[in-house]
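No lab work stands behind these numbers, since they all come straight from the coordinates. Predicted model only: the values in this text are computed from it and were never measured. As a convention, Cβ positions derive from the backbone with ideal geometry for all residues, glycine included, and neighbour counts pool all protein chains shown.
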Amino acid sequence: MLLSRPVWTAGQVSRVAVRPGLSVATPELIFVPKQIGIDLGTANVLVFLRGRGIVINEPSVVAISAKDGKVKAVGLEARNMLGREPRETIEVVRPMRDGVIADYVVTQEMLRYFINKSCGRFSLVRPEVMICVPAGVTGVERRAVRDAALAAGARKAFLISEPLAAAIGARVPVADPSGNMIIDIGGGTTEVAVISLNGIVVARSLRVGGNRFDEAIANYI
């Protein structure tokens with residue numbers, strides 16, 4: 001007797017699940033866009049994937065071919081090329097400077113690499129991305145970050161000020177009517193902000209950070 005394969009409705013397919021321990025992706029995991037938070041810093045890039053936590057913590061450096069300008073490596077792999085490859089063939093650059101984009105094309109490729117690495121090969125839809133930016137950036141600089149994220153493969157791109165993101169991450173009661181001062185010292189910028197009622201009351205962004213501190217210490221020694 002021939003057995004016909006059962007026909008499933010779309011509703012039944014959407015409810016398919018696998019037993020614990022199996023590494024098979026369900027339709028929910030495949031077709032629901034992943035939500036990613038990116039701290040696009042001058043020194044390092046951190047990527048937070050909702051449901052998994054921080055999945056990437058790598059230097060914000062890119063290795064570029066001096067011959068044709070193509071990206072050869074990003075992050076840890078690119079940093080490991082420092083001093084090992086001739087400068088005539090490989091140039092290692094930092095596309096971010098003082099918390100903002102210094103090289104748009106290279107930043108776009110760096111974002112594409114980190115987005116693809118964090119999403120994995122089972123994701124069939126582009127992710128929703130939120131990126132931290134300094135509180136003192138201009139409208140043009142904010143637009144450049146958003147456009148770079150969209151060009152790098154994000155389905156939607158949102159921006160959040162670094163002091164507000166730091167406060168939420170530290171579980172500061174940002175919704176309270178009282179003020180909370182946040183000081184965020186990064187590699188390229190230092191952010192000082194007073195936060196109240198889910199917003200920034202006043203903020204100051206200094207384009208001096210840990211990198212300058214390191215240089216000053218090295219010069220003194």
Phi to ³J(HN,Hα) by Karplus 6.51 cos²θ - 1.76 cosθ + 1.60 over segment 214-221, Hz, x for Gly, Pro: 4, 5, 5, 5, 5, 5, 5, 5
Cα-based Rg and Dmax for segment 106-195, where Dmax is the largest Cα-Cα distance (Å): 15.1, 45
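Quick check on the chain: take the gyration tensor over C-alpha atoms, sort the square-rooted eigenvalues as a ≥ b ≥ c, and tell me if it's rounded (a/c under 1.5), prolate or oblate.
Details: a/c = 2.51, a/b = 1.39, b/c = 1.81.
Cα axes put the chain in the oblate bin.
Restricting attention to segment 29-101, which GluC sites (Glu not before Pro) occupy a DSSP loop and are surrounded by at most 10 other Cβ atoms within 10 Å? Mind dumping the intermediate values first?
On the way: sites: E77, E88, E91; in loops: E88.
Hits after loop and neighbour filter: E88.
Which order do M181, M81, M96 fall in if you start with the one that has the fewest other Cβ atoms within 10 Å? Provide the component values of the computation, followed by the final result.
Numbers: M181 13, M81 16, M96 24.
Ranked by crowding around the Cβ, least crowded first: M181, M81, M96.
With r defined as the distance between the Cβ atoms of A151 and S178 and R0 fixed at 45 Å, what FRET efficiency is calculated, to the nearest 0.05? The partial results should precede the final answer.
Working: r = 41 Å, r/R0 = 0.90.
Efficiency, rounded to the nearest 0.05: 0.65.
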Euclidean distance between Cα centres, segment 167-221 to segment 59-108, Å: 27 Å
Whole-Hz couplings from phi, Karplus 6.51/-1.76/1.60, listed for segment 153-167; x for Gly and Pro: x, 6, 6, 9, 10, 10, 10, 9, 5, 4, x, 5, 5, 5, 5
Helix 104-119 vs. the chain, principal-axis angle (Cα, 0 to 90°, nearest 10): 40 degrees
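Subtracting the Cα-Cα distance from 0.36 nm times the residue separation, let me have the gained length for S196 to E88 in nm, one decimal.
Numbers: separation 108, 0.36 × 108 = 38.88 nm, distance 5.18 nm.
Stretched fully, the S196-E88 segment lengthens by 33.7 nm.
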Cα-only Debye scattering, segment 35-118: base-10 log of I(q)/I(0) at q = 0.18, 0.26, 0.27 Å⁻¹: -0.72, -1.28, -1.34
Longest DSSP-loop-exposure-free segment, chymotrypsin sites (Phe, Trp or Tyr not before Pro), the chain, at most 14 other Cβ within 10 Å: 9-121
From phi via Karplus (6.51, -1.76, 1.60), per-residue ³J(HN,Hα) for segment 49-56 in Hz, x at Gly/Pro: 10, 4, x, 10, x, 6, 10, 9
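Express the C-alpha Rg of segment 177-217 as a ratio against the empirical globular expectation 2.2 N^0.38 Å, rounded to two decimals. Write out the running numbers ahead of the final one.
Working: Rg = 12.4 Å, N = 41, 2.2 N^0.38 = 9.0 Å.
The value comes to 1.38.
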Global geometry of segment 29-83, whether rounded, prolate or oblate, following the gyration tensor of its Cα atoms and the 1.5 cut on a/c: prolate
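Which of rounded, prolate or oblate describes segment 84-127 when judged by the alpha-carbon gyration tensor and an a/c cut-off of 1.5?
Numbers: a/c = 3.44, a/b = 1.62, b/c = 2.12.
Since a/c reaches 1.5 but b/c is at least a/b, the shape of segment 84-127 is classed as oblate.
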Globularity index of segment 148-203, i.e. its alpha-carbon radius of gyration over 2.2 N^0.38 Å: 1.30
Within segment 128-191: Cβ-based charge dipole about Cα centre, in debye rounded to nearest 20 (Lys, Arg +1; Asp, Glu -1): 260 debye
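Where nothing but the Cβ of Lys and Arg (+1) and of Asp and Glu (-1) is charged, how large is the charge dipole of the chain around its Cα centre, in debye to the nearest 20?
It comes to approximately 900 debye.
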Partner lysines for K70 [C-alpha distance under 28 Å; skip if fewer than 8 residues away on the same chain]: K117, K156
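How would you rank R112, R212, going from fewest to most other Cβ atoms within 10 Å of each one's own Cβ? Before the final figure, lay out each step's value.
Working: R112 18, R212 15.
Final ranking by Cβ density, sparse to dense: R212, R112.
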